[in-house]
Amino acid sequence: MELYLDTSDVDAVKALARVFPLAGVTTNPSIVAAGKTSLDVLLPELYEAMGGKGRLFAQVMATTAEGMVSDARLLRAIIPDIVVKIPVTSEGLAAIKLLKSEGIPTLGTAVYSAAQGLLAALAGADYVAPYVNRLDAQGGDGIQTVNELQQLLHMHAPHAKVLAASFKTPRQALDCLLVGCESITLPLDVAQQLISSPAVDAAVKKFEHDWQGAFGRTSL
Ligand code: E4P
């Protein structure tokens with residue numbers, strides 16, 4: 001499986017790359033806007049923070065197919081092997097087809113249904129990103145959508161991978177993996193929650209306390 005961080009926080013990527021089997025970093029316009037660093041500066045910094053390896057994803061801002069293709073070329077001029085995120089609108093589908101013919105890898109983003117995701121994959125997207133929490137928040141079922149999309153791609157577009165996105169809890173991420181999802185991208189808070197909890201901290205403190213009580217020190 002592939003595990004990504006959904007962030008523009010360079011220091012956090014550097015820190016978590018020590019701990020996680022990180023496949024790369026995904027961004028979106030809101031995430032980049034929150035950090036207020038322009039893409040030509042941010043993307044090389046993120047790439048370096050990833051140790052100069054792994055996949056980086058950045059999104060186009062244009063809304064026409066031709067504009068998206070030209071944004072994709074701009075992004076590829078910054079990071080040559082970047083995967084270009086294209087919102088799966090009608091224009092987005094046309095852009096994915098054009099970019100496929102140029103050999104530029106894409107991720108179909110803002111996916112709110114299995115059918116929409118399948119269309120992106122059939123247009124040539126390498127990754128498709130269903131928005132799990134946003135689906136749940138609007139009364140849908142994010143995990144079921146991931147499950148259906150996973151099956152549809154397996155049957156009809158096996159070149160494409162589901163890269164599930166938009167998580168608010170570790171449970172959502174685990175449920176996603178349990179239905180066979182091959183890749184997920186996590187915001188920093190959810191990634192942190194996967195490895196730390198008050199219960200774990202308390203368990204470690206108790207080991208120290210017991211050892212100290214018996215031997216007068218906390219070292220071996
Ligand atoms: C990834 O492709 C999405 O842009 C991102 O995961 C959306 O997350 P959010 O719903 O927390 O904004």
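Structure notes:
- Mean-position separation - Cα centroids, segment 126-192 and segment 43-70, in angstrom: 21
- Global size of the chain: 19.6, 71 Å for Rg and Dmax (C-alpha atoms, Rg to one decimal, Dmax whole).
- Helix axis angle, 114-123 relative to the chain longest principal axis, alpha carbon, degrees: 60
- Once Rg and the Kirkwood radius are both taken over the C-alpha atoms of segment 34-119, their ratio Rg/Rh works out to 0.98.
- Remark: segment 43-53, residue by residue, has Karplus-estimated 3J(HN,Hα) of 4, x, 5, 5, 4, 5, 4, 7, x, x, 9 Hz, where x stands for each Gly or Pro and the curve is 6.51 cos²θ - 1.76 cosθ + 1.60 at θ = phi - 60°.
- Over the chain: helical MRE at 222 nm, DSSP H runs n ≥ 4 each giving -39500 (n - 2.57), nearest 500: -16500 deg cm²/dmol
- Of Lys36/Lys97; Lys14/Lys206; Lys168/Lys205; Lys14/Lys100; Lys100/Lys161; Lys97/Lys168, those spanning more than 22 Å from alpha-carbon to alpha-carbon: Lys36/Lys97; Lys14/Lys206; Lys168/Lys205; Lys14/Lys100; Lys97/Lys168
- Per-residue 3J(HN,Hα) values for segment 200-216, derived from phi via the Karplus relation 6.51 cos²θ - 1.76 cosθ + 1.60 with θ = phi - 60°, read 5, 4, 5, 5, 5, 4, 5, 4, 4, 4, 5, 5, 4, x, 7, 10, x Hz in sequence order (x marks Gly and Pro).
No value in this document is a laboratory result; all are computed from the given coordinates. No experiment lies behind these values; they were computed from the predicted model shown.
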